[in-house]
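Participant: Can you read through this structure? Questions will come right after.
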Amino acid sequence: MNEPDQNEISTLLREALPPMNTELRRDLWPTMLRRLEQPSARTAPWYDWALAGSVAVVLCLFPQLFLLLAYHL
Amino acid sequence: MNQHRYLRAYMAGIVAPTLFLLVVLAVFCIARFGLKVPAPIEQVIVFPMAIMPNVFGLWNILYVKLQPHWHTPIGLHGALLPFILAPFGFFTASSLGLVKITNGGVLYFNALYVPYGLLVFVPLIGIALYYLVWKYIVGSLNALVGLK
């Protein structure tokens, strides 16, 4: 392939493909900052706390269940 | 990130029981050999130690496999596991003579007597613990390895 052919192909490609928009449509940094400042959305619901508390209370009242649970689970 | 999904699920699943069983083994060893508790736990402790991490890993693979068809919350999926494990453990121990059923309760390892009234709490606590462990530990690890 000689030089004029390459130039011709290059011209054809430029004409066929739309020009790329390399500019950002908006500034992304403020969104990123807001995301970083958000508190963690993953907080345990009240019923999970209640469940964990109930388990802890039962195990404190009947500590012999520890061994049983350790074997069975 | 879609490669080796089941391997990642297995690895995320085995973390919690592997860590927990080390603690359990340490407590059992101290109780048995340090405090001379007359319970022959060493006859059966190897069995759950070998089985449990694999069961957790395979159960997590099942969870990942079922997700596209059956959108079960991971806590609920984990809470189903004691329904398989607890009877399996009980029948294994009773067939080895380590659990004896008496009129008033169950005698474990010839050392730990649990009356039937107290035994009622065991499955409830087990299900609650499994629900919490799967929801918060296995679920977090699944998210960490990109399975959510």
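Participant: Would you mind stating whether B:Leu19 is more than 12 Å from chain A (Cβ to nearest Cβ), more than 13 Å from the chain's Cα centre (by Cα) and surrounded by fewer than 18 Cβ atoms within 10 Å (Cβ to Cβ)? Don't jump to the end; show me each part of the working.
Facilitator: Working: more than 12 Å from chain A (Cβ to nearest Cβ): yes; more than 13 Å from the chain's Cα centre (by Cα): no; surrounded by fewer than 18 Cβ atoms within 10 Å (Cβ to Cβ): yes.
No; evaluated as a whole, the condition is false for this residue.
Participant: Out of (1) over 27 Å from the mean Cα position of the chain (by Cα); (2) at pLDDT below 85; (3) surrounded by 10 or more Cβ atoms within 10 Å (Cβ to Cβ), the odd one out for A:Ala44 is which?
Facilitator: In the conditions (1) over 27 Å from the mean Cα position of the chain (by Cα); (2) at pLDDT below 85; (3) surrounded by 10 or more Cβ atoms within 10 Å (Cβ to Cβ), A:Ala44 misses (1) alone.
Participant: Where in chain A are the helices (runs of 4 or more DSSP H), entirely inside, with at least 3 residues that are within 14 Å of chain B (Cβ to nearest Cβ) and hydrophobic (A, V, I, L, M, F, W, C)? Let's see the steps before the verdict.
Facilitator: Numbers: elements: A:3-16, A:29-37, A:46-61, A:65-72.
Once the helices (runs of 4 or more DSSP H) in chain A are filtered for at least 3 residues that are within 14 Å of chain B (Cβ to nearest Cβ) and hydrophobic (A, V, I, L, M, F, W, C), what remains is A:46-61, A:65-72.
The values are calculated or read from the model by the stated rules, or taken from the named source; none is laboratory data. Keep in mind the model is a prediction, meaning the values are calculated, not measured. Cβ coordinates were reconstructed from backbone atoms using ideal geometry, including for glycine residues, and neighbour counts include every protein chain displayed.
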